[in-house]
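Q: One structure is given below, represented as structure tokens, and several questions about it will come after.
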Amino acid sequence: MIRHLFVLVGLIIITSCKSDTKSKLNIKDDSVEDQMLDRQAKAFQKTLIDYRGINEQFTESYQIKGFGIQKNKNNLIGFVFKLDSNSTESTVLKYSLGIRIYDRTLSGPRNMSFNPTITEKGSNKYIIVEKKIDDMTYFDSISVYIYKRKDWKGSGRLGGFMVRDILFKDKK
């Protein structure tokens, strides 16, 4: 009888130890997954031309942490904005994004408007908007601003910032 009791207690201890081991392994697996996502995000940022960290905000819930240029085929230029980790799709969908390009080679500023959505690359969130731009490799500056999508005439510019000296010549 005592022997059966020792076997029962031993089995309980062994099974409880195995469950602790599994939970520790899951924690390690989660951190490995997070590290992989961080590596993917850093790898994406390295592909960008003239990537820079910035700390700008349109509104309290809509903040930009980085900016870079993505050059695609057929002179399609992607303006890439790294979002704050707390940014949500619903916040981004409330607003349209305007970009005004300034360059001394242009006769005047060039205006563009976009309806952005969030794109996730690794553990980071980005807004990537694209426009075909011919025969340019440099902007003196760009002005970036938002306005309400549904009432753009009534809202006007709600927030904005400038990014200066943007070189988007291909990396070699």
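What follows is calculated from the coordinates using simple rules that are stated; it is not laboratory data. On a predicted model such as this, the values are computed, not experimentally measured, just so you know. Virtual Cβ from ideal backbone geometry, glycine too; neighbours counted across all protein chains shown.
Q: In the structure displayed, which of 42/82; 94/132; 73/132; 94/125 lie more than 20 Å apart, Cα to Cα?
A: Flagged as over cut-off: 94/132.
Q: Taking the inverse of the average 1/r across all pairs of different Cα atoms in the range 48-167, what Kirkwood radius in Å do you get?
A: Taking every pair of different Cα atoms in the range 48-167, averaging 1/r and inverting gives 14.7 Å.
Q: Given 0.36 nm per residue, what is the gain on full extension from residue 39 to residue 140 after removing their alpha carbon distance, in nm?
A: Contour length minus the Cα-Cα distance gives 33.2 nm.
Q: Go through the range 119-154 and name the trypsin sites (Lys or Arg not before Pro) that are in a DSSP coil and have 15 or fewer other Cβ atoms within 10 Å of their Cβ.
A: Taking the range 119-154 and a limit of 15 other Cβ atoms within 10 Å, the loop trypsin sites (Lys or Arg not before Pro) found are 149, 150.
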